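Everything below concerns the one structure shown next.
The values are calculated or read from the model by the stated rules, or taken from the named source; none is laboratory data. What you see is a predicted model, and the numbers here were worked out from it, not measured in a lab. Quick reminder, even Gly has a Cβ in these numbers, built from the backbone with ideal geometry, and neighbours come from all protein chains shown.
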Ligand code: F6R
């Protein structure tokens, strides 16, 4: 069941489970792709990794396989990847995207973009600027999908990230590394850096949908939805976006 909470600083949709919530987001994404396909236009999606969007990708794959939705005119840009990490590493976001979404749909390989986690350090600035330019050249992001970290990050825009930040190399917060550490066996093996779209890059998307599930996200959700806009939690900047919404389950919404 959907409950709309419009008395918040950001519109919130509350669903009973992550699965039902994700189906609703998938329907919205699929409807835009379908419309643009019929009009002969491309659709540009900004995509996230992590556990949050898994149900969304599963549902979009189902719509592709069962209902025939084509991704041939879809262009995607992922938010981020660890740096450095090999694309063959099962913990890389490149690998994640291939496994959970890209290899199951008919997107053209050249239309899938993710910051290159193998580039040498001296190329980072130029390559990050190129990433921004490629997004602009594609016409800009139509729908940006986001998760949220316990630090309030969107992408890997950790506390301290400014409103005008762009795609760049960032140092990961200790809380983010603690949360990722079980995937890398130890904190020592957990990456210290990532390449991420900036807050300004994300805020240029025409529409933004942030999804969050579970009790562990409820505190940060309450903070960024009810609190003031601050670079201490980059998701709070979404309060000033004209077309952003939070799609939450009953647990992540529990402190609102
Ligand atoms: C991932 C990303 C991050 C995650 C966030 C939540 O591409 O940019 O901001 O969305 O860390 O991660 P999960 O979904 O694993 O809780």
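In the range 1-54, which residues are modelled with pLDDT under 95, under 28 Å from residue 199 (Cβ atoms) and in contact with a strand residue (DSSP E or B) (Cβ under 7 Å, 6 or more places away or on another chain)?
4, 5
Scan the range 1-28 for residues that are in contact with a helix residue (DSSP H, G or I) (Cβ under 6 Å, 6 or more places away or on another chain) and surrounded by fewer than 20 Cβ atoms within 10 Å (Cβ to Cβ) and jot them down.
From the range 1-28, those in contact with a helix residue (DSSP H, G or I) (Cβ under 6 Å, 6 or more places away or on another chain) are 8-10, 15, 18-19, 22-23, 25-26; that's our starting set.
Within the range 1-28, 8, 9, 19, 23 meet the criteria.
Residues in the range 199-214 that are in a loop (DSSP other than H, G, I, E, B) and either surrounded by fewer than 23 Cβ atoms within 10 Å (Cβ to Cβ) or within 11 Å of the ligand (Cβ to nearest atom) (or both): how many?
First, pick out the residues of the range 199-214 that are in a loop (DSSP other than H, G, I, E, B): 204-206, 213-214.
Then keep just the ones that are either surrounded by fewer than 23 Cβ atoms within 10 Å (Cβ to Cβ) or within 11 Å of the ligand (Cβ to nearest atom) (or both); that gives 204, 206, 213-214.
Residues in the range 199-214 being in a loop (DSSP other than H, G, I, E, B) and either surrounded by fewer than 23 Cβ atoms within 10 Å (Cβ to Cβ) or within 11 Å of the ligand (Cβ to nearest atom) (or both): 4 in total.
Need the failing condition index for residue 63 against (1) under 19 Å from the mean Cα position of the chain (by Cα); (2) away from the ligand (no atom under 16 Å from the Cβ), just the number.
(1)
Quick check on my filter: what residues within the range 71-81 are assigned to a strand (DSSP E or B) and within 10 Å of the ligand (Cβ to nearest atom)?
Taking the range 71-81 as the starting set, the residues that turn out to be assigned to a strand (DSSP E or B) are 74-78, 80-81.
Once the filter is applied, which keeps residues that are assigned to a strand (DSSP E or B) and within 10 Å of the ligand (Cβ to nearest atom), the range 71-81 yields 78, 80, 81.
Within the range 93-116, take every residue that is out of contact with any strand residue (DSSP E or B) (no Cβ under 6 Å at 6 or more places or on another chain) and not in a helix (DSSP H, G or I) and give me the one that is farthest from residue 44 (Cα to Cα).
116
Specify the residue that is farthest from the chain's Cα centre (by Cα); the eligible residues are those in the range 29-55 that are within 13 Å of the ligand (Cβ to nearest atom), surrounded by fewer than 19 Cβ atoms within 10 Å (Cβ to Cβ) and not in a helix (DSSP H, G or I).
So, considering only residues that are within 13 Å of the ligand (Cβ to nearest atom), surrounded by fewer than 19 Cβ atoms within 10 Å (Cβ to Cβ) and not in a helix (DSSP H, G or I), the one farthest from the chain's Cα centre (by Cα) is 51.
Under 8 Å between Cβ atoms, at least 6 apart or on separate chains: pull out the pairs that start in the range 75-99 with a residue that is over 22 Å from residue 138 (Cβ atoms) and end on any residue that is assigned to a strand (DSSP E or B) and more than 13 Å from the ligand (Cβ to nearest atom).
Every condition considered, the pairs that remain are 82/193; 83/169; 83/193; 84/193.
Taking the range 117-144 on its own, how many of its residues are more than 16 Å from the ligand (Cβ to nearest atom), assigned to a loop (DSSP other than H, G, I, E, B) and under 14 Å from residue 45 (Cα atoms)? Steps first, please.
Initial filter on the range 117-144 (more than 16 Å from the ligand (Cβ to nearest atom)): 118-127, 129-130, 132-134, 136-140, 142.
Going one step further and asking which of them are assigned to a loop (DSSP other than H, G, I, E, B), we end up with 118-120, 138-140, 142.
When the remaining residues are screened for being under 14 Å from residue 45 (Cα atoms), the result is 138-140, 142.
The total comes to 4.
Could you tell me whether the range 83-92 includes any residue that is away from the ligand (no atom under 14 Å from the Cβ) and within 15 Å of the chain's Cα centre (by Cα)? Give the derivation first.
Within the range 83-92, the subset away from the ligand (no atom under 14 Å from the Cβ) is 84, 86-90.
Retained after the next criterion (residues that are within 15 Å of the chain's Cα centre (by Cα)): none.
Looking for residues that are away from the ligand (no atom under 14 Å from the Cβ) and within 15 Å of the chain's Cα centre (by Cα), one finds none in the range 83-92, hence no.
Here is a list: 217, 245, 223. Which entry is farther than 26 Å from residue 84 by Cβ, away from the ligand (no atom under 13 Å from the Cβ), modelled with pLDDT of 95 or more and part of a helix (DSSP H, G or I)? Break it down stepwise before answering.
Values: 217 fails: away from the ligand (no atom under 13 Å from the Cβ); 245 fails: part of a helix (DSSP H, G or I).
Going through 217, 245, 223 in turn, the sole match is 223.
From the list 147, 152, exactly one residue is within 25 Å of residue 220 (Cα to Cα), touching a strand residue (DSSP E or B) at 6+ places or on another chain (Cβ under 9 Å) and within 11 Å of the ligand (Cβ to nearest atom). Which is it?
Details: 152 fails: touching a strand residue (DSSP E or B) at 6+ places or on another chain (Cβ under 9 Å).
When all the criteria are applied, what remains is 147.
Could you check the range 152-171 and list, in sequence order, the residues that are in contact (Cβ under 8 Å) with a residue 60 or more places away in the chain, surrounded by 15 or more Cβ atoms within 10 Å (Cβ to Cβ) and more than 19 Å from residue 210 (Cβ to Cβ)?
169 - this is the single residue of the range 152-171 that is in contact (Cβ under 8 Å) with a residue 60 or more places away in the chain, surrounded by 15 or more Cβ atoms within 10 Å (Cβ to Cβ) and more than 19 Å from residue 210 (Cβ to Cβ).
Every residue in the range 173-197 that is in a loop (DSSP other than H, G, I, E, B) and either surrounded by fewer than 23 Cβ atoms within 10 Å (Cβ to Cβ) or more than 13 Å from the ligand (Cβ to nearest atom) (or both), please.
Going residue by residue through the range 173-197, those that are in a loop (DSSP other than H, G, I, E, B) are 173, 185-192, 197.
Within the range 173-197, 173, 185, 186, 187, 188, 189, 190, 191, 192 qualify.
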